[in-house]
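Below: the structure, in structure tokens.
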Amino acid sequence: MNNNDTNGVNEIKALGLDMISSAKSGHPGIVLSAAPIIYTLYVHHLNINPENPEWLNRDRFVLSAGHGSALLYATLHLCGFNISKEDLKQFRSIDSKCPGHPEYGVTPGVDITTGALGQGIANAVGFAFGERYIENLLKSEDEEQGLIDFRTYCLCGDGDMMEGISYEAASFAGTQKLDKLMILYDCNKMTNDGSVDTDFLEDVESRFDAMGFYTTVVKDGTSIKNIDKAITSAKKSKKPSLVIINTILGKDSRNENTSLVHGTPLTDDDIFQIKRKLNVTVAPFEVRKDTTVHVHKCISERIEKKYKEHVSYFNKIKSSANDRLINCLRMLVNKEVIIPFESLNYRVNDTYMEELRMTNHKILNIVASKTEFLLGGSADLASSTKAYIENTHINSLAHPLGRNINFGIREHAMAAILNGMALLGLKTYCSTMLTWSDYLKPAMRMTALMNLPVTYIFTHDSIAIGQDGPTHEPVEQLTSLRSIPNMITFRPCDFNEVLGCWEYICKNKKPVSLVLSKSKMPKLQNSNAKLVPAGGYIIGKEEQRLDGILLATGTEVQMALQMKEELKKENLDIRVVSMPSRELFLKADKNYQLGVLPPNKKTIVLEAGSPLSWGLFVSDEKYIIGINDFGYSGTPEEVLKKCGYDYENLKMKVARLLTN
């Protein structure tokens, strides 16, 4: 360590303050407390190549404390990533390379989008878990492979440590013995509302030690030497590691060690006196040339050999005759898993009758047999959701190529871990009951924001599950899933539509929620796997005239088709539309939409859940027959009747609406 290191830390602090001051918005406290941490990591440990920010074998860095984005952007700029001085000046502006919180695909050098506290720790666990799987997958083909072998680092703060997801994720990481994971904890004991003395007194070191982590403490968070020593020591451990670094929030500000410096820009006078203390004499947004030269030299000398070896091995694979390795390389580079799946190749006879969760199990296993890049698991419910891959191990240190992941009862972490895995190029899935989708929702939102190919499999999709009672019976969850931008939600009605959902999943790089029934369903006449990507289609056509339309999803499609036949006796000629995906139907060509749902015809919606997402398809809310209350505990038949959703009651309502 030398004066150039000290200058580098101080100039990162100055750049961060300049950005926040210019934007009149941001979080200066973490810039001043954590600059020594991030500088030491990037300049002396992180294997990165600023000239190739997408280098496959780079170490991954996750800023879980995403509000510290100015700190990260300043560091990336100093390290030589394609972030200019002008980009820094546009911090928190529309279409800037430097948004308020780090966003994947927007800023060179940002490996994942982080926002809500705690998720970044789970994302980092996902990176580490995915690295181990891919590394061992490649080693199964070439023991000397040099394509994937990287570490994952995560910088977090007190707020991350308080969020429940961080402990879910850390517990999983400790169980899995993810030794290439390191969490750097900026421990300043100050949050937005003040000192943690009133709400966070636990011994974090002891807790992580109990979860199977190597732990160490840096008492002086201003010491680059001590931080470097702690990181070096942690890298030698065979466990995941936690490096606790004691810091002072907003160090050197007149408001240091108070919540005032957390999320409020500093005054010009305060910034001036801070820079004077730090001996930063350059103009705003400038750095010393000798500092830049030193930083670039440190990074270049550290990664030169490793990078050249990786490029050599990369080119060796490209020119080899090993199709399997070449295919792996292509999927890792493109982050797009190619799965050859054609729904037309699979048939069942007309007497087929099966729970859709079991249908999904069989199709999932067909898909899984076509690529080793598909893996996933459940939050302790694989026996109920049936979403597991046969003839493979549960993934662990002893079985790193196992394709079933036992996440334990950790729904939120499960979803966020999958996001990290998906960003490595894996196609991932997880499963639980639909009611518990609320536990996954914050991470699902980030899946959709990053447009990651994660498939969420939800079973037990309606009040018809019965005797578990209203706590387990989903009502509002479908509407909630459909409200997430960029999330495709499917609720298929039978075997053919489940096939169609999986063909869409295999051929599209999109986040998907697949909602399945526990009820046994037949193969419905005229159901069509190939029309699932259209979102909705005519499954039961009128015979002579169109007196009305029944629009239904999932198990309600069978009821609608039965009603169609019985309403003929009342001289009503009805069309039935199955709509497995509301989102895809709304993306379809307008003429196609009008052909399926002509606007001048009465349309009635049948779905055993909240009616809130169906207003676009009806002329009056009375034509939406949903459920606006919680369910009950009883047999499925008793619950449906109690809620007014038994077949006879529904048929009576539909007939009345069509004839009035």
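Going residue by residue through the range 446-459, is there one that turns out to be free of Cβ contacts under 8 Å to residues at least 24 places away in the same chain, out of contact with any helix residue (DSSP H, G or I) (no Cβ under 7 Å at 6 or more places or on another chain), over 20 Å from Trp614 (Cβ atoms) and part of a loop (DSSP other than H, G, I, E, B)? Working first, answer last.
Quick first cut of the range 446-459, residues free of Cβ contacts under 8 Å to residues at least 24 places away in the same chain only: none.
Within the range 446-459 (the criterion being free of Cβ contacts under 8 Å to residues at least 24 places away in the same chain, out of contact with any helix residue (DSSP H, G or I) (no Cβ under 7 Å at 6 or more places or on another chain), over 20 Å from Trp614 (Cβ atoms) and part of a loop (DSSP other than H, G, I, E, B)), the answer is no, since none of the residues qualifies.
Any idea which residue in the range 436-466 is nearest to the chain's Cα centre (by Cα), counting only those that are at pLDDT 95 or above and of a type in the set (Val, Ile, Thr)?
Looking at the filtered set, the residue picked out is Thr447.
Could you check the range 425-454 and list, in sequence order, the residues that are in contact with a Phe, Trp or Tyr (Cβ under 6 Å, 6 or more places away or on another chain) and farther than 11 Å from Ala415 by Cβ?
Matches in the range 425-454: Leu426, Lys427, Leu434, Met450.
So which of Gly221, Gly212 is farther than 20 Å from Ser33 by Cβ and either modelled with pLDDT of 95 or more or over 31 Å from the mean Cα position of the chain (by Cα) (or both)?
On the way: Gly221 fails: farther than 20 Å from Ser33 by Cβ.
Answer to the check: Gly212.
Please find, among Ser519, Ser527, the residue that is of a type outside the set (Val, Ile, Thr) and closer than 27 Å to Met444 by Cα.
Working: Ser527 fails: closer than 27 Å to Met444 by Cα.
Criteria check complete, one pass: Ser519.
Which numbered condition trips up Val106, out of (1) surrounded by 24 or more Cβ atoms within 10 Å (Cβ to Cβ); (2) part of a loop (DSSP other than H, G, I, E, B); (3) not charged (D, E, K, R)?
Here Val106 meets the rest and fails (1).
Filter the range 612-627 down to the residues that are in contact (Cβ under 8 Å) with a residue 60 or more places away in the chain and of a type outside the set (Phe, Trp, Tyr) and list them by number.
Within the range 612-627, Leu612, Ser613, Ile627 meet the criteria.
To keep it simple, each residue is scored yes or no on (1) crowded, with 17+ Cβ neighbours inside 10 Å; (2) more than 27 Å from Tyr185 (Cβ to Cβ); (3) touching a Gly at 6+ places or on another chain (Cβ under 6 Å); (4) at pLDDT 95 or above.
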| position | (1), (2), (3), (4) |
| --- | --- |
| Thr267 | no, yes, no, yes |
| Arg276 | no, yes, no, yes |
| Glu301 | no, yes, no, yes |
| Asn315 | no, yes, no, no |
| Ala321 | no, yes, no, no |
| Arg324 | no, yes, no, no |
| Leu329 | yes, yes, no, no |
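Provide a single number: the residues in the range 557-612 that are surrounded by fewer than 18 Cβ atoms within 10 Å (Cβ to Cβ) and polar (S, T, N, Q).
Qualifying residue count for the region: 4.
May I ask you to list the residues in the range 612-660 that are of a type in the set (A, V, I, L, M, F, W, C) and farther than 16 Å from Ile549 by Cβ? Even if it seems obvious, please write down each step before you answer.
The initial filter retains those residues of the range 612-660 that are of a type in the set (A, V, I, L, M, F, W, C), namely 612, 614, 616-618, 624-625, 627, 630, 639-640, 643, 650, 652, 654-655, 657-658.
Within the range 612-660, Leu612, Ile627, Phe630, Val639, Leu640, Cys643, Met652 qualify.
Of the residues in the range 53-103, how many are under 18 Å from Ala124 (Cα atoms) and either part of a loop (DSSP other than H, G, I, E, B) or small (Gly, Ala, Ser) (or both)?
Here is the first cut: in the range 53-103, the ones under 18 Å from Ala124 (Cα atoms) are 53-69, 72, 101-103.
Now restrict to residues that are either part of a loop (DSSP other than H, G, I, E, B) or small (Gly, Ala, Ser) (or both): 53-59, 64-66, 68-69, 101-103.
Adding up the residues that qualify gives 15.
Determine which single condition Leu325 fails, assuming it passes every other condition in (1) outside any helix (DSSP H, G or I); (2) touching an Asp or Glu at 6+ places or on another chain (Cβ under 9 Å).
That leaves (1) as the condition not met.
Which pairs have Cβ atoms under 7 Å, sit 6 or more apart or on different chains, and link a residue in the range 254-275 that is within 12 Å of Leu32 (Cα to Cα) and free of Cβ contacts under 8 Å to residues at least 24 places away in the same chain to one that is of a type in the set (A, V, I, L, M) and not in a loop (DSSP other than H, G, I, E, B)?
Short answer, once both residue conditions are applied: Asn255/Val261.
Ser206 passes all but one of (1) over 20 Å from Ala128 (Cβ atoms); (2) in a loop (DSSP other than H, G, I, E, B); (3) of a type outside the set (Asp, Glu); (4) without any contact (Cβ under 8 Å) to a residue 40 or more places away in the chain; which number fails?
(2)
How many residues does the range 84-97 contain that are without any contact (Cβ under 8 Å) to a residue 60 or more places away in the chain and under 26 Å from the mean Cα position of the chain (by Cα)? Steps first, answer last, please.
Taking the range 84-97 first, the residues without any contact (Cβ under 8 Å) to a residue 60 or more places away in the chain are 84, 86-87, 90, 94-97.
Of the ones still in play, those that are also under 26 Å from the mean Cα position of the chain (by Cα) are 94-97.
Looking only at that region, the number is 4.
For Phe129, state whether it is assigned to a helix (DSSP H, G or I), in contact (Cβ under 8 Å) with a residue 40 or more places away in the chain and over 30 Å from Gly8 (Cα atoms). Working first, answer last.
On the way: assigned to a helix (DSSP H, G or I): yes; in contact (Cβ under 8 Å) with a residue 40 or more places away in the chain: yes; over 30 Å from Gly8 (Cα atoms): yes.
In short, yes.
Please state which of the following conditions Ile244 fails to meet, knowing it meets all the rest: (1) without any contact (Cβ under 8 Å) to a residue 24 or more places away in the chain; (2) assigned to a strand (DSSP E or B).
Answer for Ile244: the failing condition is (1).
Residue-wise test of (1) closer than 23 Å to Val475 by Cβ; (2) of a type in the set (Gly, Ala, Ser).
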position	(1), (2)
Val348	no, no
Ser369	no, yes
Leu375	no, no
Ala415	yes, yes
Met444	yes, no
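Output the residue which, of all residues in the range 253-288 that are within 21 Å of Leu78 (Cβ to Cβ), assigned to a helix (DSSP H, G or I) and not aliphatic (A, V, I, L, M), is nearest to the chain's Cα centre (by Cα).
Lys275
Which one is surrounded by the fewest Cβ atoms within 10 Å (Cβ to Cβ), of the residues in the range 407-438 that are touching a Lys or Arg at 6+ places or on another chain (Cβ under 9 Å), farther than 13 Å from Leu514 by Cβ and of a type outside the set (A, V, I, L, M)?
In this case the residue turns out to be Gly425.
Which residues, taken from the range 159-206, are touching a Lys or Arg at 6+ places or on another chain (Cβ under 9 Å), closer than 21 Å to Pro442 by Cα and polar (S, T, N, Q)?
Ser171
Take Gly212 and tell me if it is of a type outside the set (Lys, Arg), surrounded by fewer than 23 Cβ atoms within 10 Å (Cβ to Cβ) and either on the phi < 0 side of the Ramachandran plot or assigned to a loop (DSSP other than H, G, I, E, B) (or both).
On the way: of a type outside the set (Lys, Arg): yes; surrounded by fewer than 23 Cβ atoms within 10 Å (Cβ to Cβ): yes; either on the phi < 0 side of the Ramachandran plot or assigned to a loop (DSSP other than H, G, I, E, B) (or both): yes.
So Gly212 passes the test.
Of the residues in the range 50-99, how many are of a type in the set (D, E, K, R) and touching a strand residue (DSSP E or B) at 6+ places or on another chain (Cβ under 9 Å)? Step through it out loud before you land on a result.
Filtering the range 50-99 for residues of a type in the set (D, E, K, R) gives 51, 54, 58-60, 85-87, 89, 92, 95, 97.
Next, only the ones that are touching a strand residue (DSSP E or B) at 6+ places or on another chain (Cβ under 9 Å) stay: 59-60.
Of the residues in the range 50-99, 2 are of a type in the set (D, E, K, R) and touching a strand residue (DSSP E or B) at 6+ places or on another chain (Cβ under 9 Å).
Please identify the pairs in which a residue from the range 7-23 that is over 16 Å from Lys97 (Cα atoms) has its Cβ atom under 8 Å from the Cβ atom of a residue that is of a type in the set (Ser, Thr, Tyr) and crowded, with 23+ Cβ neighbours inside 10 Å, counting only partners at least 6 apart or on another chain.
Gly8/Tyr39; Val9/Tyr39; Ile12/Tyr39; Ile12/Thr75
Looking at the range 132-149 only, could you name the residues that are in a loop (DSSP other than H, G, I, E, B) and surrounded by fewer than 19 Cβ atoms within 10 Å (Cβ to Cβ)? Steps first, please.
The initial filter retains those residues of the range 132-149 that are in a loop (DSSP other than H, G, I, E, B), namely 140-149.
Hits for the range 132-149 are Ser140, Glu141, Asp142, Glu143, Glu144, Gly146, Asp149.
Just to be sure I understand the filter: pairs with C-beta atoms under 9 Å, separated by 6 or more residues or on different chains, first member in the range 374-389 and assigned by TED's automatic domain parsing to the domain that holds Arg403, second member among the polar types (S, T, N, Q) and part of a loop (DSSP other than H, G, I, E, B). Which pairs pass?
Correct list of pairs: Leu375/Thr392; Leu375/Asn395; Gly377/Asn395; Ile389/Ser369.
If you scan the range 371-394, which residues turn out to be surrounded by fewer than 22 Cβ atoms within 10 Å (Cβ to Cβ) and more than 13 Å from Ile457 (Cβ to Cβ)?
The answer is Thr371, Glu372, Asp380, Ser383, Glu390, Asn391, Thr392, His393, Ile394.
The values are calculated or read from the model by the stated rules, or taken from the named source; none is laboratory data. Computed from a prediction, not measured in an experiment: that's the story for all the values here. Quick reminder, even Gly has a Cβ in these numbers, built from the backbone with ideal geometry, and neighbours come from all protein chains shown.
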